[in-house]
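What follows is a short report on a single structure.
The values are calculated or read from the model by the stated rules, or taken from the named source; none is laboratory data. Since this is a predicted model, take the numbers as computed values, not measurements. Cβ placement follows ideal geometry from the backbone for every residue including glycine, while neighbour counts extend to all protein chains displayed.
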């Protein structure tokens, strides 16, 4: 297994890396997203509350198991109505497959598969679940400076129903600021496409801060990171750009 510092997957909207959590180590991620969306007759604000909570545990064979809960709500501005929250619960298994170490970088391949259960009335109308899976390639410590990651993800939506298939590609980079290595610039570009729908593109850029003000002395554990990043969505052949902002943290502890 390749020893890595704690590395936050947040705040990325699509991408992930190939690295699994260290054996016996827990990793807690929390984040929220606020988005401005279009609708046919009114402006819509979508926000996640209480947000997304992800808890991962490192397994001895370069793998991890994860539990994820996410809640979303829609606020229709014209009507000032709060539509019933939509939430989901998922279980994931992630595995590192192979790592190659070279002078100028390390290359790592990993994958993840999960099952996504509906937990609210809106999602339970069909009583069907989603099956996401991805494979990721990580280029670690390129020229001892930055890391670059690529992901291809497929997801069967509402298994046993209409069975839409979602395909996504994501890539992201983290680059430390030269004068302060604990503060990193992060950026992501991703594409999502359902079978009959046009492609959607996402662009994200923000910062990730490791252990600000030595907060780990208070929190304990192995490491803690905070992040904040705006992002933009746009759909092919449409002129409207949707935008949002995400913020959260990741904390690793034994």
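Could you go through the stretch 66-83 and let me know if any residue there is part of a strand (DSSP E or B), at pLDDT 95 or above and surrounded by fewer than 15 Cβ atoms within 10 Å (Cβ to Cβ). Among the residues of the stretch 66-83, at least one is part of a strand (DSSP E or B), at pLDDT 95 or above and surrounded by fewer than 15 Cβ atoms within 10 Å (Cβ to Cβ), which makes the answer yes. Mind listing whichever residues of the stretch 147-161 are touching a strand residue (DSSP E or B) at 6+ places or on another chain (Cβ under 9 Å) and either at pLDDT 95 or above or outside any strand (DSSP E or B) (or both)? Hits for the stretch 147-161 are 147, 148, 149, 150, 151, 152, 153, 154, 158, 159.
Please go through the stretch 146-183 and give me each residue that is over 20 Å from residue 236 (Cα atoms), touching a residue at least 24 places away in the same chain (Cβ under 8 Å) and over 17 Å from the mean Cα position of the chain (by Cα), ordered by number. Passing the criteria: 146, 156, 157, 158, 159, 160, 161, 175, 176, 182, 183. Quick one: in the stretch 185-200, of everything that is assigned to a strand (DSSP E or B) and more than 15 Å from the chain's Cα centre (by Cα), which residue is nearest to residue 152 (Cα to Cα)? Top of the filtered list is 193. Here residue 207 qualifies as under 24 Å from residue 47 (Cβ atoms) and assigned to a strand (DSSP E or B). Among the residues of the stretch 233-254, those identified as in a strand (DSSP E or B) and more than 23 Å from residue 26 (Cα to Cα) are 233, 234, 235, 241, 242, 243, 244, 245.
All conditions but one from (1) farther than 19 Å from residue 30 by Cβ; (2) surrounded by 13 or more Cβ atoms within 10 Å (Cβ to Cβ) apply to residue 217; the one that does not is (2). Cβ-Cβ contacts under 8 Å between residues 6 or more apart (or on different chains), taken from a first residue in the stretch 211-233 that is within 30 Å of residue 36 (Cα to Cα) to a second residue that is modelled with pLDDT under 90 and exposed (fewer than 15 other Cβ atoms within 10 Å of the Cβ), are listed as 232/241; 233/241.
Residue check: is residue 201 at pLDDT 95 or above, farther than 29 Å from residue 57 by Cβ and in contact with a strand residue (DSSP E or B) (Cβ under 8 Å, 6 or more places away or on another chain)? The answer is yes for residue 201.
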